[in-house]
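This report refers to the structure that appears directly beneath it.
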Amino acid sequence: MAQLLSPPLKDDLDIVIPTIRNLDFLEMWRPFFQPYHLIIVQDGDPTKKIRVPEGFDYELYNRNDVNRVLGPKANCISFKDSACRCFGFLVSKKKYIFTIDDDCFVAKDPSGKEINALAQHIENLLAPSTPFFFNTLYDPFREGADFVRGYPFSLREGVPTAISHGLWLNIPDYDAPTQLVKPRERNTRYVDAVMAIPKGTLFPMCGMNLAFDRELIGPAMYFGLMGDGQPIGRYDDMWAGWCAKVICDHLKLGVKTGLPYIWHSKASNPFVNLKKEYKGIYWQEDIIPFFQNVVLPKECTTVQKCYIELSKQVKEKLGPLDPYFQKLGDAMLTWIEAWEDINSPAKTAPSQANGAKKDESSTKQK
């Protein structure tokens, strides 16, 4: 009898899901997700009971748990915004993270086959990236591809891949003004390609279908201060993407985008989105040039050092734009302090571990 293969990275990857509702969407993902451990971050009212389908291995954290685990540092975790997912990144003990939104379902490729998005992300992360010279056949490490004529042999080894950014069929990831002028537009284009984003090029990262190497870039995957009590929302994943990309460029790490696709099922309300986004729409005209011109000193040899330096520059150069950026810069530092506290080899964070077990068992009993 042939031996069944274990799912790839089964013991090395956590799936992080932010939610405010019952996770019935997991039924569709069961064939792909069930072997893996889930970290569910419940946003909003912590007294609301979230139902998780039977058979999944998971931890469920709510706002009370965030406050208990982080204490005074809990104010760096956003409330009433999907940015709360980064708490899951913080408490995970795995090398890799895959994060997905609860309105995302299994997509099909042009042949009608269901797409195992997690498997494709793993493939992306385990293969090198080539950010320093563009290969016109896109990812040279995919089956059936290679480096084209003229590609420098000295660069063909590539660099480690830190981030895999997936895409979406059906509902596009548009901002509110574009939603308003294209309310019925749907993405039906399936582009069978993965590419390394070149060094020095920023991109708008979407958190609904995203994987990363937590050991390589985890401390930079902070989704900022968004949502309740903040003047901005819906820029959480983009902020993390801009920060992470400049740090990846500095540390010679790769970022890939393209496959895999998921099916994005629900269009959010464009008028609600506009209220959340409108300051960001103005601010991004200053934020993006800031990131395009960021220079990290050579002394910044770790992600944490890079991020601390970046927080200082955010306060210095974006602070005059609005007091929010002073607050955000402080939160970035608090995030790094929390990261090092929770993930210090000398500290096992027993309160966090015990609380997670308690939450898991009590949830499964209900």
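Some observations on this one:
- Sorted by Cβ density within 10 Å, fewest first, the residues Met205, Met221: Met205, Met221
- Where trypsin sites (Lys or Arg not before Pro) fall in DSSP loop in the stretch 21-75, at most 14 other Cβ within 10 Å: Arg21, Lys48, Lys49, Arg51
- Inter-probe distance in nm under a simple model that places probes 7 Å from Cα toward Cβ, at Ile20 and Ser344: 3.6 nm
- In the stretch 87-150, GluC sites (Glu not before Pro) in a DSSP loop with at most 13 other beta-carbon atoms within 10 Å: Glu143
- Percent antiparallel among DSSP beta bridges (both partners in the chain, rounded to 5): 40 percent
- Thr47/Arg68 FRET efficiency (R0 22 Å; Cβ-Cβ; nearest 0.05): 0.90
- Residue-wise HN-Hα coupling along the stretch 162-178, computed from phi with Karplus coefficients 6.51, -1.76, 1.60 (Hz; x: Gly, Pro): 9, 9, 10, 10, x, 10, 8, 9, 6, 7, x, 8, 9, 7, 4, x, 5
- Label point distance in nm, Arg149-Phe134, each placed 7 Å from Cα along Cα→Cβ: 2.0 nm
- Of Arg184, Arg30, Arg189, the sequence from fewest to most neighbouring Cβ atoms within 10 angstrom is Arg184, Arg189, Arg30.
- Counting 0.36 nm for each residue step from Glu54 to Gln326 and taking away their Cα separation leaves a gain of 93.5 nm.
- Here is the list for the stretch 12-89: GluC sites (Glu not before Pro) lying in DSSP coil, each with at most 16 other C-beta atoms within 10 angstrom of its C-beta, are Glu54.
- The 3J(HN,Hα) values that the Karplus relation (6.51, -1.76, 1.60; θ = phi - 60°) gives for the stretch 180-187 are, in residue order, 5, 8, 10, x, 9, 6, 10, 8 Hz. Gly and Pro appear as x.
- The slack in the chain from Asp286 to Leu202, taken as 0.36 nm per residue of separation less the alpha-carbon distance, amounts to 28.9 nm.
- Evaluating 6.51 cos²θ - 1.76 cosθ + 1.60 at θ = phi - 60° for every residue in the stretch 217-231, the Karplus couplings come out as 9, x, x, 8, 8, 9, 8, x, 9, 9, x, 4, x, 10, x Hz, glycine and proline recorded as x.
- Extension reserve of the Lys312-Ser6 stretch, reckoned as 0.36 nm per residue once the Cα distance is removed: 105.7 nm
- Three-way shape label, the stretch 103-349, alpha-carbon gyration tensor, a/c 1.5: oblate
- Amide H contacts of Ile262: Leu167, Trp168, Leu169, each under 5 Å away and 5 or more positions distant or on a separate chain (H built 1.01 Å from N in the peptide plane; Pro and chain starts excluded).
- Estimated FRET transfer efficiency when R0 is 51 angstrom, pair Ser265-Glu157 (beta carbons, to 0.05): 0.80
Read-outs: derived from the displayed coordinates by stated rules, not from any lab. Nothing here was measured: the structure is a model prediction, and the numbers come from that model. Please note: Cβ atoms are built from the backbone with ideal geometry, for glycine as well, and neighbour counts cover all protein chains shown.
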